[in-house]
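Colleague: Dropping the structure in here first, questions after.
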Amino acid sequence: FFQSVECVLSSCSSMPADAEQQTSDEDSDDSLLKSGGKKSKLLLYAGIAVGVVGAIALTVGWVLSTRSENGKLSPICRGFLRCPAYQAPYLFGHWPKTYDYVGSFPDGFVWGLGTASYQIEGAYNQAGRGASIWDTYTGANTLGMPGGNCSYCCNATPCPINKGMKDLGATGNVAADSYHLRTTDVALMKSMGLKHYRFSIAWPRMFPTGAASGDPNPEAVAWYSGFIDELLAAGITPYVTLYHWDLPQALLSPPEWQGWWSRDADGHPNGQIIPNFKHYADTCFRLFGDRVKVWVTFNEPWTFTFLGSGYGKAPGIPAYGNQSIDPYIAAHNVLNAHAAAVDIYRKKYQATQQGQIGITNNFDWKEPKTAAPEDIAAAERAALFNLGWFCDPIFRGEGDYPPEMRELYGQRLPQFSADEKALLKGSADFFGLNHYGTAWASNSDEPGADTSFSKGSETGFPRAQSKWLYGAGWGLRKLLSWIRERYHDPFIFVTEGGWSLAANSASQAAHDSARTYYYANYSAEMLKAIHADGVRVGGYFAWSLLDNFEWEMGYKERFGTVYTDYNFGLDPDAPAPYNTNQPTPGRQLRRRKDTNCWLEKLWTSNTLSEPTGNECANASAFNGLYKGDHGCMHLVVVNSGSTGYITLNTPAQGASCDNSTDIISTKAVSFSGSTVSCNNGCNQPNLSVAFLQGFWSKGLQGIEWGDGTSWQKA
């Protein structure tokens, strides 16, 4: 009420801290005040009084008009019985103009980094992996792969590229080559003091055709089991997502196999592949649950159901491109699959494995464009029809979609059975949230693709490289408060957040101050949400560990806190003629960016600090003597520029160096920021690794090598 009056009097012209500041109009009463005289002042005061009374009358009228009468919907706020309130903590027009980089997070707060299997692993047709819907979408050569003979799959090379792809020729064939660089990536994480890492398991690697019974691919089991063991040995806790969009292609071959979009003859969701997902999930719990203590069933179901039904994400096929129906069929099946997987975990594994399980949903905050009730309602509908669509059935307590969705969607929105509702309610031990940006929302007479009657805009917000990403740290705080209020104060993990920036070289990428300030601003507002608003946030995972395959944008966009040199060249399995400048395996370099080193300060101290730039060590840090294996001492010398050499000591006899009879050899190395690399092995005399990387570790005061060994400065 008072804010509405304030907006009438002040015109609510303030813009957020993240926005470009705009000048306001000159005071229209300036000449009146200067014309002076007691009479003029009295008239002015009388006018102001009338204005205030009028504003109060208008506001009272608004309050009365937004109330429902006898259960009827509000005539102003479409879909609501009563107009929603403006979301705290910031009043309209009073967004932060600066951020405070001070304060500490609660003890035990989880700081981590995240990735996804299709985006980083590569090795797409190796070790028994089957085709996924993203292989088909990108035009990768899937001929002869398990599941690669679907009804709409490639019949001859070059395979067709879905029209939704923006980076033609980009595939996940090689990506960041993490399948082959597993030990290197663990060494990288260890060097930065990382303690929590979120990654996903590739369903088509575990079950190449998504089978609903039988044993998993043994090579996949061995790889993921070994990876989990390596993480734990490095002091890193794994957080595992079961489904991060890479559906086995064999489960989507319409009309026989309909994937998440399956329905019966009457058009109702029938969960055709839920038995397949249950078997996959059960297998992962059984094989890895003794070491994995936090599970996420699905990552961003809104994205792969809504956008996957014709808006730029796989599968993007005409059979499931009816935006008014198909996303809601898919979402219904996904929610039931989630509940079924959670039920398996809780009944069979949770008591003995002592883990947690949940789901991760996404939403970018929508702030009302004005303080008008219509715009406040539009912003609320945007939240409910995106985040609430998947969260209300789990966290709200009713086991059903938001009533406002039911009101505006009618029969298009499927019905849950009583048993499904019972299984859905409370089917998460934590609230997983992916959040990136903020935009304005205003009321619209057009329903829009999601029937929210809400129109988005981003005027004034700074933009990342990605055209959809606009930043405002205070948007995260408001969203966290919204979640707390709507979903009965759940325990929250922010499982993704990030900022894309273009870069054509490691040196250009290293100094990413815009990304660093993104995380500083968002962390500052998250800290306020915890201490001032009482939101129970238990962790934050930055996206991403590495630059990687960014879905339809391929390799054009970079979200990584570590730069990936993809070693671009010919990929014969990518679609010609776009296959000559694609990632290749074997020699991909990693280099930490300033953001990554600033985050290291945050998660080692658990305390905020303002970014300073040049956060990472440079090559000169490597200069010096090191103690390696067998008591041997090694010398690292950095020349001017990016070159140098290592002098290795090797025992001449026995198992240890004696520093008198040792064999000495010298190997050339290269430096890129806090990364050292060499050909044919440079940290062991008889090691013949084609390309080896090592990473400067502030905590160790030494080098974490990509073969799993460590050197510490003497």
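The values are calculated or read from the model by the stated rules, or taken from the named source; none is laboratory data. On a predicted model such as this, the values are computed, not experimentally measured, just so you know. Heads up, the Cβs are rebuilt from the backbone with ideal geometry, glycines too, and the neighbour counts pull from every protein chain shown. Heavy atoms of the whole protein, side chains included, go into the accessibility calculation; ligands, DNA and RNA do not. Shrake-Rupley method; radii C 1.70, N 1.55, O 1.52, S 1.80 Å.
Colleague: Under 1.5 on a/c is rounded, so check that first for segment 293-374, then, if it is not, pick prolate when a/b is larger than b/c and oblate when it is not; a ≥ b ≥ c are the square roots of the alpha carbon gyration tensor eigenvalues. Show your work: numbers first, answer last.
Modeller: Numbers: a/c = 2.87, a/b = 1.49, b/c = 1.93.
Cα axes put segment 293-374 in the oblate bin.
Colleague: With +1 on each Lys and Arg Cβ and -1 on each Asp and Glu Cβ, how big is the dipole of the chain about its Cα centre, in debye rounded to the nearest 20?
Modeller: Working: 56 positive and 68 negative charges, 148 e Å.
Once rounded to the nearest 20, the dipole reads 700 debye.
Colleague: Please compute the alpha carbon radius of gyration of the chain, then divide it by the globular-protein estimate 2.2 N^0.38 Å. Two decimals is fine.
Modeller: Numbers: Rg = 28.0 Å, N = 714, 2.2 N^0.38 = 26.7 Å.
Ratio of Cα Rg to 2.2 N^0.38 Å: 1.05.
Colleague: May I ask for the angle, rounded to the nearest 10°, between helix 274-288 and the longest principal axis of the chain, with both axes built from Cα atoms and the value confined to 0 to 90°?
Modeller: 50 degrees
Colleague: Just to confirm a number: summing +1 for Lys and Arg and -1 for Asp and Glu over residues other than A529 whose beta-carbon lies under 9 angstrom from that of A529, what do you get?
Modeller: Working: positive: R477, K478, R484, K528; negative: E525, D533.
Cβ neighbours under 9 Å give a net charge of +2.
Colleague: Follow-up. Just add up the charged neighbours of C597: K/R +1, D/E -1, any other residue whose Cβ is under 10 Å from the Cβ of C597.
Modeller: Numbers: positive: R592, K593, K601, K698; negative: D594, E600, E615.
Counting the neighbours of C597, the net charge comes to +1.
Colleague: Under 5 Å between amide hydrogens, which residues at least 5 positions from V535 or on another chain qualify, with H placed 1.01 Å from N in the peptide plane?
Modeller: Here the answer is I530, since their amide H atoms fall under 5 Å of that of V535.
Colleague: Note down the magnitude of the dipole of segment 228-306 about its Cα centre, charges +1 on Lys and Arg C-beta and -1 on Asp and Glu C-beta and zero elsewhere, to the nearest 20 debye.
Modeller: In debye, rounded to 20, segment 228-306 gives about 180.
Colleague: Can I ask one more? Return one number: the angle in degrees, 0 to 90 and rounded to the nearest 10, between the long axis of the Cα atoms of helix 373-383 and the longest principal axis of the Cα atoms of the chain.
Modeller: That works out to roughly 30 degrees.
Colleague: Taking the dipole about the Cα centre of the chain, with the C-beta of Lys and Arg at +1 and of Asp and Glu at -1, give me whichever of N521, S104, N504 is farthest to the positive side.
Modeller: So the residue furthest toward the plus end is S104.
Colleague: Gain in length, R346 to A690, computed as 0.36 nm per residue apart minus the alpha-carbon separation, to one decimal in nm? Mind showing how you got there, number by number?
Modeller: Numbers: separation 344, 0.36 × 344 = 123.84 nm, distance 4.60 nm.
That pair, R346 and A690, stretches by 119.2 nm at full extension.
Colleague: Something else now. When DSSP beta bridges are limited to those with both residues in segment 417-515, what percentage is antiparallel, rounded to the nearest 5? Could the numbers behind the result be given before it?
Modeller: Details: 5 of 9 bridges.
Counting DSSP beta bridges with both partners in segment 417-515, the antiparallel share is about 55 percent.
Colleague: Another one. Could you give the nm distance between label points at L232 and R587, where each point is 7 Å from its Cα heading toward the beta carbon?
Modeller: Here the answer is 3.8 nm between the modelled labels.
Colleague: Now a separate question. Give, in nm to one decimal, the length gained when the segment between Q712 and Q415 is fully stretched (0.36 nm per residue of separation minus the Cα-Cα distance).
Modeller: 100.8 nm
Colleague: Still on this structure, please answer the following. If I model a spin label at T459 and E446 as a point 7 Å from the Cα along the Cα→Cβ vector, what separation in nanometres do I get?
Modeller: For T459 paired with E446, the spin-label model returns 1.7 nm.
Colleague: Ignoring ligands, DNA and RNA, please state the percent of accessible area on the chain from carbon and sulfur, probe 1.4 Å.
Modeller: Values: 14390 of 27600 Å².
Summing carbon and sulfur atoms, their accessible area is 52 percent of the total for the chain.
Colleague: Treating only the Cβ of Lys, Arg, Asp and Glu as charged (+1, +1, -1, -1), what charge dipole size does segment 165-299 show about its Cα centre? Round to the nearest 20 debye.
Modeller: On the way: 11 positive and 13 negative charges, 94 e Å.
The calculation lands at about 460 debye.
Colleague: Please give the peptides 650-656, 358-364 ranked by average Cβ packing (other Cβ atoms within 10 Å per residue), highest first, as a rough proxy for protection. Each step should come with its number before you reach the end.
Modeller: Values: 650-656: 11.7, 358-364: 24.6.
Going by the mean number of other Cβ atoms within 10 Å, highest first, we get 358-364, 650-656.
Colleague: If you line up the long axis of helix 218-233 against the longest principal axis of the chain, both from Cα atoms, how many degrees apart are they, to the nearest 10?
Modeller: In the chain, helix 218-233 runs at an angle near 80 degrees to the longest axis.
Colleague: Taking only protein heavy atoms into account and a 1.4 Å probe, give the accessible area per residue of the chain in Å².
Modeller: Details: 27600 Å² over 714 residues.
For the chain, the per-residue accessible area is 39 Å².
Colleague: Taking 0.36 nm per intervening residue step and subtracting the Cα-Cα distance, what contour gain separates K72 from H180 on full extension?
Modeller: Values: separation 108, 0.36 × 108 = 38.88 nm, distance 6.11 nm.
Residue separation times 0.36 nm, minus the Cα-Cα distance, leaves 32.8 nm.
Colleague: Write down the percent of antiparallel bridges among all DSSP beta bridges whose residues are both part of the chain, to the nearest 5. If you can, show how the numbers build up before the last one.
Modeller: Values: 48 of 83 bridges.
Rounded to the nearest five, the antiparallel share is 60 percent.
Colleague: If you count, for each residue, the other Cβ atoms within 10 Å and average over each peptide, how do 156-167, 318-329, 422-433 line up from highest to lowest?
Modeller: Descending mean neighbour count gives 422-433, 318-329, 156-167.
Colleague: Sticking with this one: Roughly how many whole Å is it from the C-alpha centroid of segment 393-464 to that of segment 137-164?
Modeller: If you average the Cα positions of each part, the centres end up 33 Å apart.
Colleague: Quick one: net charge of A281's neighbours, Cβ under 13 Å, K/R +1, D/E -1?
Modeller: Combined, the nearby Lys, Arg, Asp and Glu give +3.
Colleague: Rank by packing, highest mean first: peptides 185-192, 597-604, with packing defined as the count of other Cβ atoms within 10 Å averaged across residues. Present the calculation step by step, with values, prior to reporting the outcome.
Modeller: On the way: 185-192: 24.5, 597-604: 20.5.
Ranked from most to least packed, the peptides come out as 185-192, 597-604.
Colleague: Using only DSSP helix segments of four residues or longer, with each worth -39500 (n - 2.57), what per-residue ellipticity at 222 nm results for the chain after dividing by its residue count and rounding to 500?
Modeller: Details: 19 runs with 207 residues, N = 714.
It lands at -9000 deg cm²/dmol.
Colleague: Right, next: Mind giving me the nanometre distance, one decimal, between the label points for R82 and N149, set 7 Å out from Cα along Cα→Cβ?
Modeller: Going by the 7 Å Cα→Cβ label model, 6.2 nm.
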